[in-house]
Amino acid sequence: FKPVRANDVVTVRMYLRGGSANLTPATAGIEAFMLQAAQEGTTKYSKDALNELLVETGTTISADAGFDYSVLALRGVRQHWNEAWDLFSEVALRPTFPASEVELVRGKVLDQLKRIPDEPDSYLRFLADSSFYAGHPYAVRPTGTPQSIAAMQRDALADWHRRRLTKENLLIVVVGNVSRADVTAKVAATFGRLPARGSSAVAVKMLNPITPDLLVVKRELPTNYITGYFAAPSLGQQDYAALRVAIDVLSDRLF
C-alpha cells in the first residue's frame with residue numbers, strides 16, 4: 001500500500017502469480033480469457049448492472065496477462081472508493097462466467113489473435129518470441145493461440161478460477177488517497193476468505209543456451225521491421241541493474 005494525497009485517484013492491481021510456466025499448449029491463454037470473461041457478470045451484479053455502476057462511479061476494471069503473472073486492475077476515485085472496491089472484489093472473486101458472454105469474449109480474443117500477422121510490430125514480436133523461447137516455458141503464449149482459445153469450455157474457466165485464486169498466488173497493490181486501515185479491512189473481508197494454498201505458481205527455469213540464429217520473413221511492406229533478442233541477467237544477479245541503466249541510456253540518449 002502506498003498513500004498518495006495529491007489527488008483523489010485510487011488504483012489497485014491484483015497480481016496472479018504463475019504466467020506461462022503454469023500453462024500448457026492446451027491451456028495457453030486461459031488466465032487472460034478468464035479475467036476478461038470475469039468482467040461480464042458476477043454473483044451480485046449482472047453484466048448490465050456492473051457496467052452501469054462502473055460508469056456511474058467513474059471506475060474502470062481491466063485485465064492483462066504476461067509471461068510471469070496475470071493482472072486484474074482497478075482505477076477509481078476516492079469519492080466512490082467503497083463502491084469501486086465492491087465491484088472489483090466481485091469481479092475478482094465471484095464471476096459467474098455466463099455462457100453467452102463467454103462466447104462473446106471468445107470471439108473478441110480470437111479476432112485479436114488472428115490479426116497478429118496483419119500488424120507488423122505484433123507479428124515481429126510473435127516471431128521473435130517463438131524463436132527465442134523455443135523449449136522454454138515462455139514458449140507458451142499467455143494470451144493464447146486461436147486453437148487453444150477456440151477449444152476452451154466455460155467450465156474450464158470457472159475451474160481454473162477456483163483452483164488458482166489462493167492467497168499464496170496473489171499480490172495486491174493499492175495506491176491512492178485512502179487509509180491503510182481501510183485497505184486492510186477491505187482485503188480481509190474479501191480476499192481473506194480465500195484458501196491459503198493451492199495450485200502453486202511453478203518456478204521458471206533459466207533460458208536454454210542461446211544458439212545464434214537469423215530469421216527473415218519476406219513481406220510486401222514499405223518498411224523493414226527488425227528486432228534482436230539476447231539473454232540478460234535476472235533480477236537477482238549483480239549485473240541486472242547495470243544492464244538496465246545501459247539499456248535505458250541507449251534507448252533514450254542514443255539519438
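By the scheme Lys and Arg +1, Asp and Glu -1, what is the net charge of all other residues having a beta-carbon under 13 Å from that of residue 153?
Surrounding charge for residue 153 is -1.
Specify the inter-centroid distance of region 91-112 and region 203-255, based on alpha-carbon positions, in whole Å.
34
Cα-Cα pairs above 13 Å in region 189-238: how many percent?
So the portion of pairs separated by more than 13 Å is 79 percent.
Using just the alpha carbons, could you tell me how many Å³ per residue the convex hull of region 139-255 encloses?
274
Pick out the long, greasy-scoring helices in the chain: whole DSSP H runs spanning 20 Å or more along their own axis by Cα, mean Kyte-Doolittle at least -0.5.
Working: long enough: 99-114 (22 Å, -0.11).
In the chain, the long hydrophobic H runs are 99-114.
Just to be sure I understand: if I project the alpha-carbon convex hull of region 86-128 onto a plane and average over all orientations, what area do I get in nm²?
Dividing the Cα hull surface by four gives the mean projection, 4.5 nm².
So what are the ³J(HN,Hα) numbers for region 225-238, from phi and the Karplus equation (6.51, -1.76, 1.60; θ = phi - 60°), rounded to whole Hz, Gly and Pro as x?
Rounded to whole hertz, the list is 10, 10, 9, x, 10, 8, 6, 9, x, 7, 4, x, 8, 4.
Compute the FRET efficiency between residue 128 and residue 200 as 1/(1 + (r/R0)^6), taking r as their Cβ-Cβ distance and R0 = 35 Å, and round to the nearest 0.05.
The pair residue 128/residue 200 has a calculated efficiency of 0.70.
Sequence gap at least 6, Cα distance under 8 Å: using those rules, report the relative contact order of region 56-176 to the nearest whole percent.
RCO, region 56-176: 24 percent.
Dividing the convex hull volume of the Cα atoms of region 62-164 by its residue count, what figure in Å³ per residue is obtained?
In region 62-164, the Cα hull volume divided by residue count equals 140 Å³.
Any chance you could tell me what percent of the C-alpha pair distances in region 1-63 go past 15 Å?
Counting pairs separated by more than 15 Å, the tail of P(r) holds 66 percent.
Which cross-chain or sequence-distant (5 or more) residues have an amide H under 5 Å from the amide H of residue 77, H modelled 1.01 Å from N in plane?
It is 10, by chain and number.
Divide by every residue of the chain the summed helix terms, -39500 (n - 2.57) for each DSSP H run of at least 4, and state the resulting mean residue ellipticity at 222 nm, rounded to the nearest 500 deg cm²/dmol.
-12500 deg cm²/dmol
So how exposed is residue 126, as accessible area in Å² (1.4 Å probe, rounded to 10)?
Solvent-accessible area, nearest 10 Å²: 60 Å².
Summing +1 for each Lys or Arg and -1 for each Asp or Glu, what net charge is found among the other residues whose Cβ lies under 11 Å from the Cβ of residue 142? Show your work: numbers first, answer last.
Numbers: positive: 141; negative: 31, 64, 68, 129.
That sum, taken over residues with Cβ under 11 Å, equals -3.
Within 10 Å, count the other beta carbons around each residue, average over each peptide in 238-244, 63-69, 130-136, and list them highest first.
Most protected by this proxy first, the peptides run 63-69, 130-136, 238-244.
At a 1.4 Å probe, what is the % contribution of carbon and sulfur to the accessible area of the chain?
56
So if I take the alpha carbon set of the chain, get Rg, then get Rh from the Kirkwood formula, what is the Rg over Rh ratio?
Numbers: Rg = 20.3 Å, Rh = 20.4 Å.
Computed over Cα atoms, the ratio is 1.00.
Using +1 on the beta carbon of Lys and Arg, -1 on that of Asp and Glu, and nothing else charged, what's the dipole of the chain about the Cα centre, debye to 20? Spell out each step's value before the answer.
On the way: 29 positive and 27 negative charges, 139 e Å.
It comes to approximately 660 debye.
Using the per-residue mean of other Cβ atoms lying within 10 Å as a proxy for protection, in what order, highest first, do the peptides 44-50, 78-84 fall?
78-84, 44-50
The values are calculated or read from the model by the stated rules, or taken from the named source; none is laboratory data. None of these values were measured; they are calculated from a predicted model. All Cβ positions, glycine included, derive from the backbone under ideal geometry; neighbour counts span all protein chains shown. Accessible surface areas use protein heavy atoms only, side chains included; no ligands, DNA or RNA. Shrake-Rupley method; radii C 1.70, N 1.55, O 1.52, S 1.80 Å.
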